[in-house]
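In what follows, a structure is listed as structure tokens, so that the remarks can point back to it.
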Amino acid sequence: MKIDVKQTKNFLNGLLKINKIVEIRMIAKQSGYDVRKSGYFTNTDTAIQSLLNEKDYDNGGIYFVMNKIAKPDTVMAREQANKLIKTKDTTNDKMIEKYQWLFVDIDRENAVSGTSSSNEELTKLKEVTKKVYGYMRQKGFAKPIVAMSGNGYHLLYRIDMPNTEENKQLITRVLKVLSIFFSNQHTKIDTVNSNPARLCKLYGTWAKKGSETETRKFREAQILSYGDGFESINNYELLLSVVDELPKEETKRTNLTSKNKNEFNIKDFFARHNITIVSETSISGGTKYELAECPFNSDHNKDHPAVFDFDSGGQEFKCFHNSCSGNHWKEFRLFYEPNAYDTRQALPNSQKELKHDFKVEDILNYSEKIDEKVKALLRPSEIFNSQKGTNEFVPTGFKELDKLLGGGLQKTFLTILTGLSGGGKSTFCNQMVINILEKTNAKVVYYSGELTAEKLLWWLEQNIGGDYLKYDHGNNEKCYLEKKVSSAITNWLDKGLSIYNNDIGQGFDILTKTVVEGIEEKKADIIIIDNLTSVDKSMLGTSNDKYDSQSKLVNSLKEIAKRCNVHIVLLVHLRKTSNLPRVEDISGSGDIRNLADNVLILHQNTEEFKRRVEIEYGKDNHFIPSFSRGADMYLEIAKDRDFGNKDRLIPLYYSKTTRRILNDPTERKTYSWEEKLLDLPF
Ligand SMILES: [Zn+2]
């Protein structure tokens, strides 16, 4: 049999490293008769020799079992060890130990059976493959193995999950979501590829469907790119994050408030607003319409966002770019029909336009006089109706922290972030800012009393750059970014970040100016102040008592947070201590920690840290969660006004190569600025 030895060899070498054993199965015609042969191999050369020994092979295909086979000894004791023989005794689902691959098979829809793909058909399949590839990269998946199967395309994502019914369901659901998103009238994404003993075409062999014609040629199944290779495992959470994106009929609820709830017709809506539809595909439970344009960003047009119209009456909008992840049907409809919903449900940002009738400056200048317009006593119904009870949260992207704090940083609150010096407070802060900008539409104001704006931007770029960071040869500390990368990051940061211009000086008055401008002009949701010391140095002159003026400052900031509906993060140093740093070690006035709504302490997970924990809590303490011993750092929730969390350590991980702080060591972050630089390997 003719095979592309080099292709097959490279692939099998990689596969055997992770699977240890592979079943190769031939389902073909030999001299006009159907033959099925199977062989188990632990060695690439033996496998290839067995294939080369097969004579008179007409058409059909050569396949391999993708996932890891359990009990290799038992299998290798079978007759078909190291050779291909005719047998019905092949791998079944029960023999699989674990899933190694999420197998995305992009194939023709409604193809005439027994024909090979035409070039034209392949081009259409390739378009969809690129979309799936881009979408998965944005979700944080590693670069998959990309292959042309002969008649379609394969994306192979490495996973490592036990063969359980639950995992099978998860994989099925991921494939279903991809199918709903990306299948169209020409292209389908198979949703049946989730059985454990799944077969896949062996690369380097030929796909010979039916008879070869001028327009439908036989092709070799081949790897186009090995991407991040065989070892880059995509974790369970990533798969879940895809499942979470399953379009939900979220608008059923909101449509009820719409006046013409029974008359809403999606096609009329498209016509009314000249929305161009490029395709219409029926999906389970409804219809998918691919749009020519994303109304929110014209850069997204080529990937055709979609509107789902469910038979049950709801709709959903989905653009496949991260920066549009907050745009659902409601936002889509409001874009075209700003008054579609009850007027009380205004756009999220407009409630900040602005209701306070006081001067932010006055509060900051620690005026203690009581605002006479504010009532001292409220009826319960007044409290109920007041806007302040709405609990808006801005998620930080640190999953455990967001969970424990009820959704993230609560607007109207003040958080103190502290830790020993050199302990990574600023890096943590940078990562948080980056997470917020990626996942929300929140506006962030970043004040640094220590770094120039240029320096701070460069630090942020380093924390964002990830795989794009380049290192000088032989010097792992010094890194740089290519200009096009730097400029993509800068443009991306622009949408939500304002950095304080350190050239104009430092100190209290400057901080006042920054906060006022941040709230009034930049419509800040989050204000970060790094750090208290750099502000209060200059306050010494204005007050005899340093601690007194510190408490006044923090009090004012708290008041601002509350009245202007922002969240303020204040970085504060810790006193030098030889013990485990506790809340009491926050330097400055004791009032500060009482005033703060949340206090977070960042600890580096060093031997010294463990020693101090032992002194504080004893040898067999439960302070450090046992599952997290390999963490690089811990974020401690030392105070949490709303939920009462205390002494809670959240493990975090630091990647030295990408300079990112991660929720778990296998997390891969990708950001929407990378979209423009996306490196398609085919
Ligand atoms: Zn979009």
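In whole Hz, what ³J(HN,Hα) sequence does segment 14-22 give by Karplus (6.51, -1.76, 1.60; θ = phi - 60°), x for Gly and Pro?
For segment 14-22, the Karplus curve yields x, 5, 5, 4, 9, 9, 6, 8, 9 Hz.
For n ≥ 4 DSSP H runs only, could you compute -39500 (n - 2.57) per run for the chain, divide by its residues and tell me the 222 nm figure to the nearest 500?
Per the formula, -9000 deg cm²/dmol.
Which lysines does K209 reach when only Cα atoms under 17 Å apart count, and residues fewer than 8 places away in its own chain are ignored?
K2, K29, K201, K217
From the alpha carbon gyration tensor of the chain, can you work out the equivalent ellipsoid semi-axes (sqrt of 5 times each eigenvalue) and give them in Å, largest to smallest? Before the final figure, lay out the partial values.
Values: eigenvalues 585, 203, 91 Å².
Its equivalent ellipsoid spans semi-axes of 54, 32, 21 Å.
Non-local amide H neighbours of G449 (under 5 Å, H modeled in plane, Pro and chain starts lacking H): which ones?
So G449 has HN proximity to D530, N531.
Taking amide hydrogens as modeled 1.01 Å from N in the peptide plane, which residues meet the under 5 Å criterion relative to V566, leaving out close sequence neighbours?
Residues meeting the amide H criterion: T412.
With labels modelled as points extended 7 Å from the Cα through the Cβ direction, what inter-label distance (nm, one decimal) is found for E97 paired with K9?
2.8 nm
Can you list residues whose amide H is under 5 Å from K68's amide H, if they're 5+ apart or on another chain and H is modeled 1.01 Å from N?
E97, K98, Q100
Enter the Cα centre distance for the pair segment 462-505 and segment 4-79, rounded to the nearest angstrom.
Centre-to-centre distance over Cα atoms comes out at 48 Å.
Using only Cα atoms, tell me the angle between helix 165-182 and the longest principal axis of the chain; keep it within 0 to 90° and round to the nearest 10.
90 degrees
As I understand it, the dipole of the chain uses +1 on the Cβ of Lys and Arg and -1 on the Cβ of Asp and Glu, about the Cα centre. Which of V569, L404, G507 lies farthest toward its positive end?
Going by the charge dipole, the pick is L404.
Report, ordered by chain and residue number, the aspartates and glutamates lying within cross-link reach of K478, taken as a straight Cα distance under 14 Å and ignoring same-chain residues fewer than 8 apart.
Output for K478: E461.
Report the extension gain between K523 and F384 in nm, rounded to one decimal, defined as 0.36 nm multiplied by the number of residues separating them, less their alpha carbon distance.
Residue separation times 0.36 nm, minus the Cα-Cα distance, leaves 47.5 nm.
Considering only the chain, what is the antiparallel percent among its DSSP beta bridges, to the nearest 5?
Working: 79 of 104 bridges.
Rounded to the nearest five, the antiparallel share is 75 percent.
Starting from one equal scatterer on each C-alpha and no solvent at all, send me the Debye-based log10 I(q)/I(0) for segment 43-200 at q = 0.14, 0.17 Å⁻¹, two decimals.
-0.84, -1.14
Once both axes come from the Cα atoms, what is the angle between helix 119-139 and the longest principal axis of the chain, in degrees from 0 to 90, rounded to 10?
30 degrees
I'd like the distance separating the alpha-carbon centroids of segment 272-311 and segment 626-665, in whole Å.
For segment 272-311 versus segment 626-665, the Cα centre distance is 40 Å.
Whole-Hz Karplus ³J(HN,Hα) for segment 220-226, in order, using 6.51 cos²θ - 1.76 cosθ + 1.60 and θ = phi - 60°, x for Gly and Pro?
Per residue, the Karplus-derived 3J(HN,Hα) values read 7, 6, 9, 6, 8, 7, 8 Hz.
So what's the angle, to the nearest 10 degrees on a 0 to 90 scale, between helix 44-53 and the longest Cα principal axis of the chain?
30 degrees
Which value, in debye to the nearest 20, gives the size of the charge dipole of the chain about its Cα centre, when Lys and Arg are +1 and Asp and Glu are -1 at the Cβ? Let's see the in-between values first.
On the way: 99 positive and 95 negative charges, 306 e Å.
Dipole size: approximately 1480 debye.
Student exercise: in segment 67-159, how many lysine pairs 8 or more apart or on different chains have Cα atoms under 24 Å apart?
24
With θ taken as phi - 60° and the coefficients 6.51, -1.76 and 1.60, list the Karplus ³J(HN,Hα) couplings across segment 65-82 in order, rounded to whole Hz; mark glycine and proline as x.
Karplus-based 3J(HN,Hα) across segment 65-82 equals 7, 6, 9, 7, 7, 7, 6, x, 4, 4, 5, 6, 7, 6, 4, 8, 5, 6 Hz.
Just so you know, all these numbers are worked out from the coordinates, no wet-lab data involved. Predicted, not measured: the structure shown is a model, and the values here were computed from it. Neighbour counts are summed over all protein chains in view; Cβ atoms, including those assigned to glycine, are modelled from backbone coordinates with ideal geometry.
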